[in-house]
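The values are calculated or read from the model by the stated rules, or taken from the named source; none is laboratory data. Just so it is clear, the structure is predicted and the values come from calculations on it, not from any experiment. Backbone-built Cβ (ideal geometry, glycine too); neighbour counts: all protein chains shown. Ligands, DNA and RNA are stripped out before the accessible areas are found, and what is left, the full protein with its side chains, is counted by its heavy atoms. Shrake-Rupley method; radii C 1.70, N 1.55, O 1.52, S 1.80 Å.
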Amino acid sequence: ESLEDHRGILTADVSMTYIVGLPDLARTGALVVEYPAGSSAGVILDFWQEPLEYLGDCGLDNGVGATYLIIGPGQEPNGHPSDFVIRSPTTNVAIGFRALDEDPARANSFVERFNMYPLALGHSAEPMRLLRPEGRAWSQVPPRGLDYWNRLSEILKREVSLERDWTMMSLVESLGLSK
């Protein structure tokens with residue numbers, strides 16, 4: 001929301017407010033995303049940052065808002081009345097969007113109406129809260145040194161390996177990293 005808050009994003013346009021969520025579907029189970037109406041640009045990405053679906057003006061909802069249900073490997077929708085069901089091949093996903101309204105009040109209203117929660121908890125889930133930098137230093141840059149390899153190892157142990165990943169997995173196994 002400020003120049004200082006944008007410093008953690010490598011490619012941020014400082015005139016936009018960015019919202020990013022990084023849920024782990026193995027922990028949350030299927031995830032309900034209530035995406036509000038309004039001018040926005042958003043996306044749901046799998047672990048490899050491949051788009052699963054676009055949101056907002058260029059998405060299935062065309063800017064009128066919708067309820068999305070994101071389902072991870074081995075999960076089922078269980079009859080949730082969603083507008084769109086998105087199946088992710090990976091358990092870690094990213095949900096990101098920018099409110100595009102030039103009026104800051106309407107853009108902030110859009111952000112405040114966004115909601116996501118585990119399907120199993122329904123509306124009884126604890127209300128989603130937005131974490132704001134509020135001037136605190138933060139960075140999306142991966143850690144350096146051994147911390148990088150430790151984090152990569154943790155993620156590889158939790159994430160589903162797809163057939164397309166086998167070559168890369170064989171390479172990291174030669175470094176001692178495996179499931």
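What percent do you get for the relative contact order of region 54-115 when only Cα pairs under 8 Å and 6+ apart count? Can you show the working numbers first?
Values: 53 pairs, mean separation 13.7, N = 62.
In percent, rounded to a whole number, it is 22.
Between helix 104-113 and the chain there is an angle of about 60 degrees, using the helix long axis and the longest principal axis of the Cα atoms.
Annotation for region 41-140: GluC sites (Glu not before Pro) lying in DSSP loop with at most 14 further Cβ atoms inside 10 Å of their Cβ are 102, 134. Residue ranking by accessible heavy-atom surface, 1.4 Å probe, largest first, among 61, 13 comes out as 13, 61.
Mind checking Rg over Rh on region 90-179, alpha carbons, Kirkwood formula for Rh?
Numbers: Rg = 18.7 Å, Rh = 17.2 Å.
Looking at region 90-179, the ratio lands at 1.09.
Can you pull the percent of the chain's accessible area that's carbon plus sulfur, 1.4 Å probe, other chains left in place?
Working: 5850 of 10850 Å².
The nonpolar share, carbon plus sulfur, comes to 54 percent.
The percentage of C-alpha pairs in the chain whose separation is greater than 18 Å is 66%. Over region 1-145, accessible surface divided per residue gives 57 Å², non-protein components excluded, 1.4 Å probe. May I ask for the distance between the Cα centers of region 118-179 and region 1-17, given as a whole number of Å? Using only Cα atoms to place each centre, the spacing works out to 22 Å.
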